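A short write-up of the structure that comes next.
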Amino acid sequence: MTTTEVINPATEKVVATVELVDAAGTDAAIERAQRAAKDWREVAPGDRARILRRFAEAIDANLEELAQLEVANAGHTIGNARWEAGNARDVLHFAAGMPERLLGNQIPVAGGVDITFHEPLGVVGVIVPWNFPMPIAAWGFAPALAAGNAVVLKPAELTPLTAIRLGELALQAGLPEYVFQVLPGKGSVVGQRFVTHPGVRKVVFTGSTEVGKQIMAGCADQVKRVTLELGGKSANIVFADADLERAAATAPYGVFDNAGQDCCARSRILVQRSVFDRFLELLEPAVQGVRVGDPAADATEMGPLISAAHRDRVAGFLEPSTKVAFTGAMPEGPGFWYPPTVVLPDAPTDRVLTEEIFGPVVAVLPFDDEADAVRIANDTEYGLSGSIWTNDVGRALRVSRGVEAGNLSVNSHSSVRYWTPFGGYKQSGLGRELGPDAALAFTETKNVFIATQ
Ligand code: NAD
């Protein structure tokens with residue numbers, strides 16, 4: 001049995017040793033899930049709903065423990081980690097409303113009755129990255145379970161602890177055995193088996209665009225259903241007519257939250273040229289005011305990066321020639337720290353502008369007018385989220401419609417609500433999670449015609 005050591009990124013100390021599932025173990029779990037799925041789909045909608053509600057309540061009862069686990073495993077600030085556990089709970093409560101609302105249609109036809117059914121797929125494989133282990137897991141497993149599927153879930157190698165605990169809580173809450181199995185393991189072993197095993201009927205993958213493309217190509221072989229939530233390089237567009245103080249005060253939190261390890265990070269700030277210098281003057285104290293340090297402390301706003309290797313990768317984006325406008329604070333001592341960093345790119349081809357850094361680095365650049373802002377915002381293969389700061393409601397709507405991204409916010413930086421749809425344009429993803437239609441992504445629509453003559 002292979003094991004992996006889970007490291008606390010703020011202290012570099014080992015917090016747990018986890019056994020990794022191998023290929024044979026994955027196959028056995030998928031086969032158990034196939035059997036469990038047959039019974040789970042027959043559970044009455046109201047009973048399925050009740051079990052999911054109990055699962056949500058079990059998370060709520062253990063919220064602090066889950067949050068502390070995430071602080072130790074992922075270095076998330078305790079405030080964020082509590083929100084994340086609460087989000088998993090809320091997503092389950094929301095999903096618990098779905099089994100009784102998977103409504104089909106009755107379609108007018110001659111000579112009979114035509115009705116549609118939304119039927120479960122069978123076994124769904126959910127592959128989770130390390131940046132938001134609890135929410136991203138729940139966005140996949142909760143609606144999949146609600147629709148009557150069994151779920152096998154693979155957490156990221158670096159962050160398996162909360163997923164393992166969620167698996168235990170599901171069982172305690174009364175979810176039948178093998179309906180929800182958590183399989184810690186390697187992407188190239190467990191994740192890959194979700195793609196190639198014919199018993200898995202859909203893969204929900206959240207992670208890098210590079211691996212997402214391989215998953216999609218692999219799924220094509222069996223015409224396997226796939227949802228992809230991939231990378232981002234989102235724009236925060238600040239117009240001269242905006243509340244500049246608020247735009248500058250909030251911009252650091254739009255990109256440095258979770259130390260920038262956020263697919264929705266607004267890592268390009270586009271500022272109208274007439275207020276560019278003033279905005280930078282306002283941004284500097286805001287960036288320096290971000291409280292970076294011990295993630296377990298209540299007041300901390302930014303913790304460490306996930307690993308030493310990831311910190312080196314982030315640092316590698318800054319060349320000796322990169323213009324750094326200013327940086328924020330960073331603690332001394334052990335931990336994979338990197339300070340909030342504001343850079344001024346030289347050219348549209350700079351890597352800091354074109355690639356997802358996935359760390360606390362933001363590029364600020366000027367634009368001339370509305371058309372120029374939309375052109376620059378769209379000058380990327382990504383299209384996940386973005387913000388627009390303006391006091392002109394017409395412009396807010398025009399630019400919102402113009403930016404090619406799935407999740408936009410005006411005069412705010414919020415991207416995620418469990419009852420609104422979430423997902424990417426272009427190479428940021430395929431399909432949508434959350435929102436009122438979340439369960440439909442885990443069903444096939446069946447049409448039945450019944451002759452009455
Ligand atoms: P990653 O692509 O390296 O890994 C993601 C998951 O896929 C992990 O569980 C990994 O073990 C698994 N995996 C790796 N290779 C695999 C393979 N060949 N087959 C099957 N599974 C495999 O990504 P990461 O570094 O963990 O996460 C960071 C990335 O995730 C960033 O690009 C970020 O933007 C993206 N992300 C996107 C969203 C979104 O909703 N759009 C949300 C969070 C993170």
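Residues in the stretch 171-191: is at least one open to solvent by 40 Å² or more (accessible area, probe 1.4 Å), closer than 23 Å to E444 by Cα and within 10 Å of the ligand (Cβ to nearest atom)? There is no residue in the stretch 171-191 that is open to solvent by 40 Å² or more (accessible area, probe 1.4 Å), closer than 23 Å to E444 by Cα and within 10 Å of the ligand (Cβ to nearest atom). Looking only at the stretch 192-201, residues that are within 11 Å of the ligand (Cβ to nearest atom) and either among the β-branched types (V, I, T) or not assigned by TED's automatic domain parsing to the domain that holds A147 (or both) come to 2 in all. Inside the stretch 2-31, can you point out the residues that are more than 27 Å from V71 (Cα to Cα) and among the hydrophobic types (A, V, I, L, M, F, W, C)? Those that are more than 27 Å from V71 (Cα to Cα) and among the hydrophobic types (A, V, I, L, M, F, W, C): A23, A24, A28, A29, I30.
In summary, T17 fulfils each of the numbered conditions (1) over 30 Å from I115 (Cβ atoms); (2) more than 23 Å from the chain's Cα centre (by Cα); (3) part of a helix (DSSP H, G or I) with the single exception of condition (3). Reported count of residues in the stretch 361-376, each being in a strand (DSSP E or B) and more than 16 Å from the ligand (Cβ to nearest atom), is 5. Restricting attention to the stretch 393-408, the residues that are open to solvent by less than 60 Å² (accessible area, probe 1.4 Å) and in contact with a helix residue (DSSP H, G or I) (Cβ under 9 Å, 6 or more places away or on another chain) add up to 7. Of the residues L397, L434, the single one that is more than 15 Å from I237 (Cβ to Cβ) and of a type outside the set (D, E, K, R) is L434. In the stretch 418-433, which residue that is open to solvent by 10 Å² or more (accessible area, probe 1.4 Å) and either assigned to a loop (DSSP other than H, G, I, E, B) or in contact with a His (Cβ under 6 Å, 6 or more places away or on another chain) (or both) is farthest from the ligand (Cβ to nearest atom)? Across the stretch 418-433, the extreme among qualifying residues is W419. Here R225 fulfils each of the conditions (1) within 29 Å of A96 (Cα to Cα); (2) within 12 Å of the ligand (Cβ to nearest atom) apart from (2).
The values are calculated or read from the model by the stated rules, or taken from the named source; none is laboratory data. Everything numeric in this text was worked out from a predicted model, so none of it was measured. Every residue, glycine among them, receives a Cβ derived from its backbone with ideal geometry; neighbour counts consider all protein chains shown. The protein model used for the area step is the full one, side chains on, heavy atoms only, and it has no ligands, DNA or RNA in it. Shrake-Rupley method; radii C 1.70, N 1.55, O 1.52, S 1.80 Å.
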